[in-house]
Amino acid sequence: MSRKIFIIAIVLFAATACAAKKTPVAPTPTPSAAAVAYPQQITTSAGLVTIPKKPERIISLSATATQMVFAVGAGRQVVAVDQYSTYPTNAPRTKLSGFQPNIEAITGYRPDLVLIESDQGGLVKSMNALHVPVLVLPAAKDLSGTYDQINELGRVTSHVDGAQRLVSNMRHEIAQIVTSVPKASNLSIYHELDQTYYTATSATFIGQIYKMFGLTDIADKAGLTKNSGYPQLSSEYIVSADPQLIVLADTVCCKQTKASVAARPGWSKIAAVQHDEVIPVDDSLASQWGPRIVDYVRLVAGVVTHAESVYKAT
Amino acid sequence: MTGVELVDVGVSYGERRVLHGISARVGAGEWLAVLGPNGSGKTTALRAVCGLVDFDGDVIVGTTSIRTMHKRVLARSVALLPQHPTAPVGMRVSTYVLLGRTPHLSYFAQETDKDRAVAERVLDRLGIGALAERDVSSLSGGERQLTMLARALAQEPSILILDEPTSALDIGHQQDVMEVIDDLRRNDGIAVISAMHDLTAASQFAANIVMLSRGHVVASGHVGSVLTEERIKEHFGASVRIVQDGAGVVVIPVRTNGNGSTGAAR
Amino acid sequence: MTDEAAARVASHRLRARWLVVALAMLALAMAAGMLFGAKSLPPSDVLRSLVGSSSHGKQPLDAVIVRSIRLPRVLLAGLVGGVLALAGAAYQGVFANPLADPYLLGAASGAEVGATIAIAYAPAAWSVNSVPVAAFLGSIAAVAAAVVLGRSVRAGRSTTVLILAGVAIAAFLTAVETYVQQQHQAAIRLIYSFILGRLGTAGWSGLKLVLPYALVAAIVILLHRRHLDVLSLGDDEAASLGIRVARVRLILVAAATLATAAAVAIAGTIAFVGIIVPHTIRLITGGSYRTILPLSIIVGAAFLILADLVARTAVAPAELPIGVITALIGAPFFVVLLRRSRVVAQ
């Protein structure tokens, strides 16, 4: 008799737990936000993607997407992120790779939504065959592109208000930072992506950040919009362009430092090196254009302010 | 000029015994022909004399065992003309012949006028002075053989080892080359050891013969005593008729198609 | 002996006219390398920058470009080109094969694996300067492994066995390299830029690193130039002429590899120079290493200086990997060789 009661109690408990879990999935409007209806249809460059229900087991294979998802408040819906998603630190990092997605490993987590930066290894096809939606979120072309992606993720994960708040915060902060800094009068900048002198012109996302502060990108001078804004320069060109600021976005991948830059043949004569305006930054901070871009803008603001005073003095 | 003596020379390639203790002697100015069917060990025996292969027994050049000789010193006495010599592409004949002076040069030395004079003399002596600027790989068979011989002679050897010196030549060039070698033997006192398929030519030029079969010496001595119809039948499996011809013999192959020894009637 | 006769038997000697032609090529190449670049500078400025005094403090940037960027780069390209061509000629002689190149026994694979492992596993504290050292050691280790493997075989003194051992080692190392790269995707960019060529970034320090090895190798190989001619006769005949074939081969491989390892460690893997230059010289001047070796050094230097010039000006200010240029020249070269195959066939 007591055994039967015990079993019934267990069953009832389980049922209640399941019911409790189900509740958030029911499309009842949350008190403060617009209603998020499922299924959702999203038009992407790859075609129509259907999200059947609110995703509770999200896998993010893109560091930028990871940051965005957590920043809109959907962190609890994420079950796994790739090995390069180092931010935020409490994200469930795994050995998964966004460059070479291992389909079996991914499906092992039973995802109901996969986020990736570009479709590698036939991921979209494989996931579609398993009825798991994949959102491909390529690197944004500009800030408004970033805001769009954040809003999209907010809709998809049912955190519309979180997304809207994030976007307006970002807009506000960035605008504030930019106005707090006097427009840099024609200071020239060289943004280094790797030690073979790949750089970004002002037509790129990062180039536009610099443009906001009135900086001139030395890569523009040669009229380089080919290679989608990421041309390769040469030592001679850079030395003769004599940039006043150098940002090293290859401190992690390519182990570049202020010292290694100064040691390059001929570089010790560049203005930026002579005035100690060589700024090493973390590669990912400069290349992951999600919520952390605000931190980068703040960094650039500090750099510009300092440089202004240095160059005004000379 | 000195001679060479093989004392119980044996060679094994791994587990396989290729040469079973053969002995022979060639004095200065003598010609020894090494005959035998394919696979009998002729080339191996010649290579042993040059020190190119490990052997047991001994090879004595003059009075010295080649085991105690520095390779370069040996090369000043023994010159090898292999069966398939390499003709490096693009190398001039004159350069090629000059390489024969290698054993006379110390490790880092370059050729001197004396060496060039020797090479020049050899070219003239063999009558191929006109070929000096030719590419060795572009020569005809006869020209090539003489060039190879010139290189061997540039070594100024006492002993000349020839592995099938005429197999690739037409009958005219065969005679030329053999006469030239015989000339050297008589005038310079060079000891000649040659391995040959052409039994008749061997008998015409060599005074002594060693016949090998399966790595053993099965006969040795003067031409007449070694080359007999029974022996050739037994070791070569060939039917021949032997005819005396002056100092040598003529070996006439006989067709045995059942219609008599000449096979004339068909 | 008459003069005519002397001339006849001295054909292996390096003819003065070839030497003059080669040196002229080198001088022209060096001049072109200094005069042209991503930044166009008038020749008078270039000249002034070279001979002008180096005043401390403000130096016009043009002078910096000429003295600190172009000059060491041209010199390094020349040195690496000369080394690779010399090593290629030595390998061609040792293996009696006109298509041998300095990477035959795994020198390039070894350098790449060394660089890959250093980049992938080195702690962040190590500077980027540790990579060339790792590449150098990897290169030497690979060739040593090939030699040991080749000699461990019973018939192991033949060149065929040695080549096979080199192929085996290179294949194995390529697998290791690929595996490590896949495990460290983020480092791939750095690894590839290392492999594709770094003539532009090595500077004076790179030159200083390569020079001693290049000198040692050049001296050793040139001292053995007569031996290389003898080796071209094949193992048996060379031995019958009194040469200790295996030992000479080892010395030459060691010297050539030492210089190749240094060149690859600093400048990356540059293909085709080691085959094209010595072979072309052989086709033009005839088959003695007494001629081929010194000319290879000079012409190899000129060749790579010009290839590097094209690499850094064709798509200026961007740069093409120098391996692309040498390959673009190498491909038609092999077509020409094919059509002359009558000559190539041994």
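The values are calculated or read from the model by the stated rules, or taken from the named source; none is laboratory data. Fair warning: this is a prediction, and the values are worked out from it, not measured in the lab. FYI the Cβ positions are ideal-geometry reconstructions off the backbone, even for glycines, and counts take in every protein chain you see.
Counting the residues of the range A:268-296 that are in a helix (DSSP H, G or I) and crowded, with 22+ Cβ neighbours inside 10 Å gives 3. B:Pro157 meets each of the listed conditions (1) under 21 Å from B:Met178 (Cβ atoms); (2) facing chain C (nearest Cβ under 9 Å) apart from (2). For the residues C:Ala271, C:Ala239, C:Ala246, the requirement of being in a helix (DSSP H, G or I) and more than 9 Å from every other protein chain (Cβ to nearest Cβ) singles out C:Ala246. Scanning the range B:178-234 for residues that are modelled with pLDDT under 90, out of contact with any strand residue (DSSP E or B) (no Cβ under 8 Å at 6 or more places or on another chain) and of a type in the set (S, T, N, Q) yields nothing. Listed by position, the helices (runs of 4 or more DSSP H) enclosed by the range C:275-346 that each have at least 3 residues that are in contact with a helix residue (DSSP H, G or I) (Cβ under 7 Å, 6 or more places away or on another chain) are C:289-313, C:322-339. Annotation: of all residues in the range C:148-167 being out of contact with any helix residue (DSSP H, G or I) (no Cβ under 7 Å at 6 or more places or on another chain) and not hydroxyl-bearing (Ser, Thr, Tyr), the one that is modelled with the lowest pLDDT is C:Arg154. Suppose we keep only residues that are in a loop (DSSP other than H, G, I, E, B) and closer than 16 Å to A:Asp142 by Cα within the range A:189-215. Which one would you say is farthest from the chain's Cα centre (by Cα)? Result: A:Phe213. Restricting attention to the range B:133-146 and to residues that are more than 15 Å from the chain's Cα centre (by Cα) and part of a helix (DSSP H, G or I), the residue that is nearest to B:Gly172 (Cα to Cα) turns out to be B:Gly142. Restricting attention to the range A:103-130, the residues that are of a type outside the set (A, V, I, L, M, F, W, C), in contact (Cβ under 8 Å) with a residue 12 or more places away in the chain and farther than 17 Å from A:Thr44 by Cα total 7.
From the list C:Thr326, C:Thr269, the one residue that fits, being without any contact (Cβ under 8 Å) to a residue 60 or more places away in the chain, buried (at least 20 other Cβ atoms within 10 Å of the Cβ) and of a type in the set (Ser, Thr, Tyr), is C:Thr326.
Taking the range B:87-99 as the range and being closer than 16 Å to C:Leu231 by Cβ, outside any loop (DSSP other than H, G, I, E, B) and more than 7 Å from chain C (Cβ to nearest Cβ) as the test, only B:Tyr96 passes.
The selection criterion, being touching a Phe, Trp or Tyr at 6+ places or on another chain (Cβ under 8 Å) and of a type outside the set (A, V, I, L, M, F, W, C), does not hold for A:Pro280.
For A:Asn186, the conditions (1) at negative phi; (2) touching a residue at least 24 places away in the same chain (Cβ under 8 Å); (3) outside any helix (DSSP H, G or I) all hold with the exception of (1). For the range C:294-327, the set of residues classified as of a type in the set (Asp, Glu) and under 14 Å from the mean Cα position of the chain (by Cα) consists of C:Asp308 only.
Filtered by the rule that a residue be without any contact (Cβ under 8 Å) to a residue 40 or more places away in the chain, over 20 Å from A:Tyr84 (Cα atoms), of a type outside the set (Phe, Trp, Tyr) and within 11 Å of chain A (Cβ to nearest Cβ), the range C:169-197 gives a lone residue, C:Ser193.
Across the range C:191-201, the qualifying residues are those that are crowded, with 24+ Cβ neighbours inside 10 Å and in a helix (DSSP H, G or I), and the one among them that is modelled with the highest pLDDT is C:Leu199. Of all positions in the range C:216-230, at least one carries a residue that is surrounded by 23 or more Cβ atoms within 10 Å (Cβ to Cβ) and either within 13 Å of chain A (Cβ to nearest Cβ) or of a type in the set (D, E, K, R) (or both). Only residues that are facing chain C (nearest Cβ under 8 Å), in contact (Cβ under 8 Å) with a residue 24 or more places away in the chain and in contact with a Leu (Cβ under 7 Å, 6 or more places away or on another chain) were counted across the range B:101-146, and they come to 4. Here C:Leu75, C:Leu84, C:Leu79 are screened, and the one residue that is part of a helix (DSSP H, G or I), within 14 Å of chain A (Cβ to nearest Cβ), of a type outside the set (S, T, N, Q) and farther than 18 Å from C:Ala145 by Cβ is C:Leu75.
Filter the range A:40-97 for residues that are in contact (Cβ under 8 Å) with a residue 24 or more places away in the chain and basic (Lys, Arg); which is surrounded by the most Cβ atoms within 10 Å (Cβ to Cβ)? Only one residue fits best here, namely A:Lys54. Whether a residue is part of a helix (DSSP H, G or I) and crowded, with 16+ Cβ neighbours inside 10 Å was assessed, and B:Leu74 passes this test. Does B:Val59 count as over 26 Å from B:Leu146 (Cβ atoms), without any contact (Cβ under 8 Å) to a residue 60 or more places away in the chain, buried (at least 17 other Cβ atoms within 10 Å of the Cβ) and within 10 Å of chain C (Cβ to nearest Cβ)? Against the criterion (over 26 Å from B:Leu146 (Cβ atoms), without any contact (Cβ under 8 Å) to a residue 60 or more places away in the chain, buried (at least 17 other Cβ atoms within 10 Å of the Cβ) and within 10 Å of chain C (Cβ to nearest Cβ)), B:Val59 does not qualify. Residues in the range B:75-86 that are more than 7 Å from every other protein chain (Cβ to nearest Cβ) and without any contact (Cβ under 8 Å) to a residue 60 or more places away in the chain: B:His84 alone.
Looking at the structure I just gave you, is A:Val300 more than 14 Å from chain C (Cβ to nearest Cβ), under 30 Å from A:Gln164 (Cβ atoms) and either of a type in the set (Val, Ile, Thr) or free of Cβ contacts under 8 Å to residues at least 12 places away in the same chain (or both)? Answer is yes for this residue.
Annotation note: of C:Gly200, C:Gly150, C:Gly206, the sole residue that is in contact (Cβ under 8 Å) with a residue 12 or more places away in the chain, in contact with a Ser or Thr (Cβ under 9 Å, 6 or more places away or on another chain) and within 14 Å of chain A (Cβ to nearest Cβ) is C:Gly200. Could you say whether any residue in the range C:13-33 is assigned to a loop (DSSP other than H, G, I, E, B), within 22 Å of C:Ala311 (Cβ to Cβ) and at pLDDT below 85? No, every residue in the range C:13-33 fails to be assigned to a loop (DSSP other than H, G, I, E, B), within 22 Å of C:Ala311 (Cβ to Cβ) and at pLDDT below 85. Those helices (runs of 4 or more DSSP H) of the range B:159-252 in which 1 or more residues are polar (S, T, N, Q) and touching a residue at least 60 places away in the same chain (Cβ under 8 Å) occupy B:199-205. Considering A:Ser202, A:Ser228, the condition of being surrounded by fewer than 22 Cβ atoms within 10 Å (Cβ to Cβ), more than 17 Å from C:Ile65 (Cβ to Cβ), within 14 Å of chain C (Cβ to nearest Cβ) and of a type in the set (S, T, N, Q) is satisfied by A:Ser228 alone.
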